[in-house]
Structures are given as structure tokens and as C-alpha cells.
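Note sheet for the following structure.
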Amino acid sequence: MFTTLTRQHSAVQSVSREHFESLLRATYRQTYSLAYRLTGNAAEAEDLVQETFVRAFRFFHRYNEGLPFANWLYRIMCNAHIDSVRRKGRLKTTSFEQTGPNGTSTWELPDPDSAPDRDLMDSSMDEHVQESLLEMNTEFRTAVLLADVEGMAYEEIASVMGTSVGTVRSRIHRGRRQLRKLLTERYPSMFRGEALGL
Amino acid sequence: MKLLGCKYVSARLSAYVDGELSGNEMLSVQRHVQRCSACAKEIEEMRAAKRQLGAFPDVPIPAGLEDRLVESVFRAQVRQRRRSIIAFGSAVVALCGAFAVVAIVRANQEQAMAERQRMNDRAFEVARDQAYMERYDSLDGGSSVIAASYPHAKASR
């Protein structure tokens, strides 16, 4: 009886495993992107994504297929990120890291449709925005990234962050305000003109 | 300069910018912002932040990330399963050990009980013999000591 049970268990296990693997392959890029914006460097981003998928697989039996997998995954990731920040203290404010994990510097070939010739000004602006993001309160950073980079609706963000729409509204508002304050204080020449639409 | 309603409007400015307000709320905010330069400026700040974040380029994906993730997820699962098997096996061994201990203790107890039973029987026999001897030693017909007997045996006079 024991061997029959374990064989049945393994059969169920391998179906879940296949299913999970295909979901992982379909969502790892967007998940990594968000992780990168949350942490600011490739090594931490990869750790966060790995932790997220490991946790997700462990609790895969609890995933409700009615919800989009990415949303469920993001919820796990946001919690993992908050836990990590609490454990490590503030995030290190390294500038745009050009190397990948293990000191490698290989990347997948970029999408040819994305602007390959961003000028220096643009890329340093991105760096400044990324640096400022890392200085922000964790919940504020998460809320503005989900709204303005992931383009999620407030209701979706509320379910990802496990809070109310009112709280999401407040976090996005205060997050954007905090981001603007950090940018205009540090790089007035670069960012003040922007607000006035110059 | 703050107008009446700035507090109400201020809390709704981000939602206004994101189109997350109901129709009536949107109109209220719009009407206020037309008259209030402070809130109008705040809206511009919200929009600028939204624009800056939206302008982020795609994050470059490290080569080999996909396979590394698959491997680490299922390696973790195998490790977890191995740990569960070891835990289960240990529990079985512990249970068997517990049963063995109980069996040994029970055997000892039975032995002790048997020993006690034997001692009781011996004591009984000694007492009975003594009683018997008393009866036949007395010269005056003896005190009629009824010989003790095993509970199941007939009493002898």
C-alpha cells in the first residue's frame, strides 16, 4: 500500500512540476525585471527571483487558477522583498550594475525594437531614478513600480500588496512625491525642468 | 495658497492622474485644480514621476537565468523531499524503538509478577505446614487449627 501511495503521489507531483515549470518559463523575465527595479542590482535581483519561485512552487497547491499567475507570483515576491530588506537593513545604493551574477557580463540579446541608441543623458537619468527608488520606503517603492512600470490597476496592486485600495492610493501618492523630492534635490538641473514641462 | 478642498483633492491626485476615480470625483478634482495652483503643481509632479518611471528601458536579462531558476526550484524540492523521507524514516525507527522498549518492560513486569506469585505460594505452603505441625504437636487434643489451604482446595480438619 505504501508503494502505491508513493507512486500516486509522484504522478501528481510530476504533473504539477511540469505545469509549474511552464509557468516559470513564461513569467521569469517580467519577474526578474521587477526584482531588478526593486533591488537595483543583478545579483540581488536573481536571489529575489529564485526565492520567489522556490516559495511559489512550495505553495503551488494553494494557487487559485482563477487569478493570473504573475499577480500571485508578484505577491510572493513583494513579501519576500520586504522580508529581505527588513533582514538586511537598507538596500545598498550601488549604481547601475553592468555585470551579471558570478561577475559575468553576458546578457540575452536585447529586443531590437527597444531603443538601442539611448544617449548618455537618458541612461544617467535612468540611473538617478533607480538610485532614488532604492532610497525610498519599501512599500512606496513597490507601489509606484507596480503602478508605473508594471501598469497595474489599483485593485490589482491592492491584491498583490495585500492591502486596501485606499492604502494603495496613499502609497502611490506619497511614493511619487518622495521620488520627485529625491530627484529634484540631488539633480536639480536635470529634473526640475521636467516638472514644469520644459 | 490653499483653497478649500485641498486636503480632499490632495489625497486623490494620484488616483486622478491614473484614471482611478469615479466620474463625480474626477470632476470635483478637475474643478478644484483649475482654481488652485498648488494642487495643479502637485499634479504635474505626479505626472513627471509617472513619466520617469515609465521611461525605464527594459531590464537586461542575464544569460542562463531561465535554466538556473528551473534547476534551483526543483533542486530545492528534491532536497525538501529527501528531508521528508529522512524525517519519515527516523519517525518509523523511533516508533519501532519505542515498541521494543515497551515489550522489554512488559516482559520484565510479567517476570516480576510470576516471581511474586511463586513467593506467595511458598509463603502459603510454609504457613500451612506450620499450622499442620501445631495441630499434631499439642497434647491436649490441640487447638483445632484448621489447616490453611489453597483457596481452591478442600479445607482439611
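The values are calculated or read from the model by the stated rules, or taken from the named source; none is laboratory data. Source: prediction; values computed, not measured. As a convention, Cβ positions derive from the backbone with ideal geometry for all residues, glycine included, and neighbour counts pool all protein chains shown.
Looking at the range B:28-41, can you tell me whether even one residue there is at negative phi, hydroxyl-bearing (S, T, Y), surrounded by 12 or more Cβ atoms within 10 Å (Cβ to Cβ) and more than 26 Å from the chain's Cα centre (by Cα)? Quick ask: steps written out before the conclusion?
Let us first name the residues in the range B:28-41 that are at negative phi, namely B:28-41.
Remaining after also requiring hydroxyl-bearing (S, T, Y): B:28, B:37.
When the remaining residues are screened for being surrounded by 12 or more Cβ atoms within 10 Å (Cβ to Cβ), the result is B:28.
Add one more test, that the residue is more than 26 Å from the chain's Cα centre (by Cα), and what stays is B:28.
Yes, there is a match, as at least one residue in the range B:28-41 is at negative phi, hydroxyl-bearing (S, T, Y), surrounded by 12 or more Cβ atoms within 10 Å (Cβ to Cβ) and more than 26 Å from the chain's Cα centre (by Cα).
Taking every residue in the range A:71-91 that is outside any helix (DSSP H, G or I) and pairing it with any residue that is surrounded by 15 or more Cβ atoms within 10 Å (Cβ to Cβ), at least 6 positions away or on another chain, the pairs with Cβ-Cβ distances below 6 Å are A:L91/A:L134. Which of the residues belonging to the range B:57-84 are exposed (fewer than 12 other Cβ atoms within 10 Å of the Cβ) and modelled with pLDDT under 85? B:V78, B:R79, B:R82, B:R83, B:S84 - these are the residues of the range B:57-84 that are exposed (fewer than 12 other Cβ atoms within 10 Å of the Cβ) and modelled with pLDDT under 85.
Just one of the listed residues (A:R25, A:R87, A:R17) is at pLDDT 95 or above, more than 12 Å from the chain's Cα centre (by Cα) and not aromatic (F, W, Y), namely A:R25.
Considering only residues of the range A:148-178 that are of a type in the set (A, V, I, L, M, F, W, C) and in contact with a Leu (Cβ under 7 Å, 6 or more places away or on another chain), which is nearest to the other protein chains (Cβ to nearest Cβ)? Step through it out loud before you land on a result.
Going residue by residue through the range A:148-178, those that are of a type in the set (A, V, I, L, M, F, W, C) are A:149, A:152-153, A:157-158, A:160-161, A:165, A:168, A:172.
In the following step, the residues that additionally are in contact with a Leu (Cβ under 7 Å, 6 or more places away or on another chain) were identified as A:149, A:152, A:157, A:160.
On the way: A:V149: 5, A:M152: 10, A:I157: 10, A:V160: 15 Å.
Step by step, filter the range A:148-178, then rank; the result is A:V149.
For B:A127, state whether it is more than 10 Å from every other protein chain (Cβ to nearest Cβ), free of Cβ contacts under 8 Å to residues at least 24 places away in the same chain and more than 30 Å from A:R17 (Cβ to Cβ). It is true that B:A127 is more than 10 Å from every other protein chain (Cβ to nearest Cβ), free of Cβ contacts under 8 Å to residues at least 24 places away in the same chain and more than 30 Å from A:R17 (Cβ to Cβ).
Yes or no: the range B:94-103 includes at least one residue that is within 11 Å of chain A (Cβ to nearest Cβ), aliphatic (A, V, I, L, M) and exposed (fewer than 11 other Cβ atoms within 10 Å of the Cβ). Give the derivation first.
Taking the range B:94-103 and keeping what is within 11 Å of chain A (Cβ to nearest Cβ), we get none.
No, the conditions are met nowhere in the range B:94-103.
The set of residues in the range A:15-55 being farther than 25 Å from A:N137 by Cα and in contact with a Phe, Trp or Tyr (Cβ under 9 Å, 6 or more places away or on another chain) consists of A:S16, A:R17, A:H19, A:F20, A:E21, A:L23, A:L24, A:A26, A:T27, A:Y28. At least 3 residues being out of contact with any helix residue (DSSP H, G or I) (no Cβ under 7 Å at 6 or more places or on another chain) is the threshold, and among the helices (runs of 4 or more DSSP H) wholly inside the range B:1-100 those reaching it are B:23-35, B:37-54.
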